[in-house]
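**Student:** Mind having a look at this structure? Questions to follow.
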Amino acid sequence: MQAHDIRVTIGRRDILHGICMQARAGELTAIVGPNGSGKSTLLKALTAEIDFVGQVELNGRALTDYRPWDLAACRGVLQQSLNVAFPFTVREIVQLGHGAGLSAADPDIPDRALSLVDLDGFANRFYHELSGGEQQRTQLARVLAQVWIEARTDTPRWLFLDEPVSSLDIGHQYVVMDLTRRFTQNGGGVIAVMHDLNLTAMYADHVVLMEAGEVLAAGTASETLTTDLLSRAYGCPVSVNTPAPAGVPFVLPQARARSNLAPAG
Ligand SMILES: Nc1ncnc2c1ncn2[C@@H]1O[C@H](COP(=O)(O)OP(=O)(O)OP(=O)(O)O)[C@@H](O)[C@H]1O
Ligand SMILES: [Mg+2]
């Protein structure tokens, strides 16, 4: 996936100011950065869900050249927030993705996708009666059923995930991050917006750090998740260490001095 000079203007506000980035199949690319820095807007541009100026290529082909059903066959999208207006069951939600994908002929996939996200036994539950984390995993199962994790295809499949673990407990965060790793090991590409910098350091092959609608840094976790870059991007003191044996950065927020927090006067 190649994106060149992506610009997004909504109303009179320039949201993205010319983003260039790339993501490779077989890798997890994480997009990180503070609230409002443009991560979701970038993901929406990369998935052609909003109007933008610039070029995006997926598997060497311009996004604008794809027909909607061709795009649905090669990439699944998990949005940051989803409203489900009707009383769908969990299985019906997952079938929405399954029906749009390459593996629609295999009737077992919705249940297998639910099992992958640890939702065995949930298929007949109403979506709106689930907890926030269960709903998030249902939506992930929908996307997985669309771009099936074990499908054999000539061209790579892609997952675009906006904060896929934001509502999940630590155990299910690992379940989901391990699924993304399995997907990349099977040749797929994952582009995920992340807020947890330590999970990012553990799982991401490539990191794009955004600030105010621009790319502040891009590279490996060690190159991008540095004390200087993170303190600047997030506007708070952080300390980055690289403890053995993992050898990946570990980010620890630092408490501000109490004197800086005291109310004025
Ligand atoms: N539809 C819209 N209309 C007006 N402004 C918008 C719209 N969508 C996004 N923005 C603005 O664009 C900026 C980037 O928003 P975006 O949702 O991409 O941020 P983000 O990096 O995903 O943040 P978060 O971490 O909070 O999800 C924000 O300042 C936001 O207010
Ligand atoms: Mg967002």
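The values are calculated or read from the model by the stated rules, or taken from the named source; none is laboratory data. The structure displayed is predicted, hence computed values, not measured ones. Here the Cβ is made from the backbone with ideal geometry for all residues, glycine too, and neighbour counts use every protein chain on show.
**Student:** In the range 150-182, which residues are β-branched (Val, Ile, Thr) and more than 16 Å from ligand 2 (Cβ to nearest atom)?
**Tutor:** 153, 155, 170, 175, 176, 180
**Student:** Does residue 136 satisfy the condition of being out of contact with any strand residue (DSSP E or B) (no Cβ under 8 Å at 6 or more places or on another chain) and more than 16 Å from ligand 1 (Cβ to nearest atom)?
**Tutor:** Considered against the rule, which asks whether it is out of contact with any strand residue (DSSP E or B) (no Cβ under 8 Å at 6 or more places or on another chain) and more than 16 Å from ligand 1 (Cβ to nearest atom), residue 136 comes out as no.
**Student:** If I go through the range 36-86 residue by residue, how many of them are in a loop (DSSP other than H, G, I, E, B) and either touching a residue at least 40 places away in the same chain (Cβ under 8 Å) or within 16 Å of ligand 2 (Cβ to nearest atom) (or both)?
**Tutor:** 15
**Student:** Further question on the same structure: Out of (1) over 29 Å from residue 24 (Cβ atoms); (2) surrounded by fewer than 19 Cβ atoms within 10 Å (Cβ to Cβ), the odd one out for residue 90 is which?
**Tutor:** Exception for residue 90: condition (2).
**Student:** Looking at the range 191-219, I want the residues that are farther than 16 Å from residue 28 by Cα and charged (D, E, K, R) and have a partner that is more than 16 Å from ligand 2 (Cβ to nearest atom) and not in a helix (DSSP H, G or I) with Cβ atoms under 8 Å, at least 6 apart or on another chain. Which pairs are those?
**Tutor:** 214/17; 214/18
**Student:** Also: Right, residue 164: surrounded by 15 or more Cβ atoms within 10 Å (Cβ to Cβ), in contact with a Gly (Cβ under 9 Å, 6 or more places away or on another chain), assigned to a loop (DSSP other than H, G, I, E, B) and on the phi < 0 side of the Ramachandran plot or not?
**Tutor:** Details: surrounded by 15 or more Cβ atoms within 10 Å (Cβ to Cβ): yes; in contact with a Gly (Cβ under 9 Å, 6 or more places away or on another chain): no; assigned to a loop (DSSP other than H, G, I, E, B): yes; on the phi < 0 side of the Ramachandran plot: yes.
The answer is no for residue 164.
**Student:** Evaluate the range 119-131: report whether one residue or more is within 16 Å of ligand 1 (Cβ to nearest atom), surrounded by 15 or more Cβ atoms within 10 Å (Cβ to Cβ), of a type in the set (A, V, I, L, M) and without any contact (Cβ under 8 Å) to a residue 60 or more places away in the chain.
**Tutor:** no
**Student:** Right, another one. For the range 193-252, please list each of the helices (runs of 4 or more DSSP H) lying entirely inside it that holds at least 3 residues being closer than 19 Å to residue 166 by Cβ and either away from ligand 1 (no atom under 15 Å from the Cβ) or of a type in the set (Lys, Arg) (or both).
**Tutor:** Working: elements: 197-203, 221-224, 227-234.
Of the helices (runs of 4 or more DSSP H) lying wholly inside the range 193-252, those with at least 3 residues that are closer than 19 Å to residue 166 by Cβ and either away from ligand 1 (no atom under 15 Å from the Cβ) or of a type in the set (Lys, Arg) (or both) span 197-203.
**Student:** When you go through 114, 102 one by one, which is the residue that is closer than 14 Å to residue 149 by Cβ, away from ligand 1 (no atom under 16 Å from the Cβ), modelled with pLDDT under 95 and among the hydrophobic types (A, V, I, L, M, F, W, C)?
**Tutor:** Within the list 114, 102, the selection yields 102.
**Student:** Residues being within 16 Å of ligand 2 (Cβ to nearest atom), within 19 Å of residue 190 (Cα to Cα) and not in a strand (DSSP E or B): count how many of those fall in the range 1-35.
**Tutor:** Residues in the range 1-35 being within 16 Å of ligand 2 (Cβ to nearest atom), within 19 Å of residue 190 (Cα to Cα) and not in a strand (DSSP E or B): 1 in total.
**Student:** Additional query: Could you say whether any residue in the range 95-106 is out of contact with any strand residue (DSSP E or B) (no Cβ under 7 Å at 6 or more places or on another chain), crowded, with 20+ Cβ neighbours inside 10 Å and among the hydrophobic types (A, V, I, L, M, F, W, C)?
**Tutor:** No; the residues of the range 95-106 include none that is out of contact with any strand residue (DSSP E or B) (no Cβ under 7 Å at 6 or more places or on another chain), crowded, with 20+ Cβ neighbours inside 10 Å and among the hydrophobic types (A, V, I, L, M, F, W, C).
**Student:** Spot the failing condition for residue 182; the list is (1) under 23 Å from residue 58 (Cβ atoms); (2) not in a helix (DSSP H, G or I); (3) not small (Gly, Ala, Ser), and only one is missed.
**Tutor:** For residue 182, the exception is condition (2).
**Student:** Which residue is farthest from residue 185 (Cα to Cα), if the candidates are limited to the range 38-67 and must be among the polar types (S, T, N, Q) and within 15 Å of the chain's Cα centre (by Cα)?
**Tutor:** Looking at residues that are among the polar types (S, T, N, Q) and within 15 Å of the chain's Cα centre (by Cα), I get 41.
**Student:** Looking only at the range 1-45, which residues are in contact with a Lys or Arg (Cβ under 6 Å, 6 or more places away or on another chain), surrounded by 19 or more Cβ atoms within 10 Å (Cβ to Cβ) and not β-branched (Val, Ile, Thr)?
**Tutor:** Matches in the range 1-45: 16, 33.
**Student:** Further question: Within the range 183-228, how many residues are within 15 Å of ligand 2 (Cβ to nearest atom), surrounded by fewer than 24 Cβ atoms within 10 Å (Cβ to Cβ) and over 12 Å from the mean Cα position of the chain (by Cα)?
**Tutor:** Counting residues in the range 183-228 that are within 15 Å of ligand 2 (Cβ to nearest atom), surrounded by fewer than 24 Cβ atoms within 10 Å (Cβ to Cβ) and over 12 Å from the mean Cα position of the chain (by Cα) gives 3.
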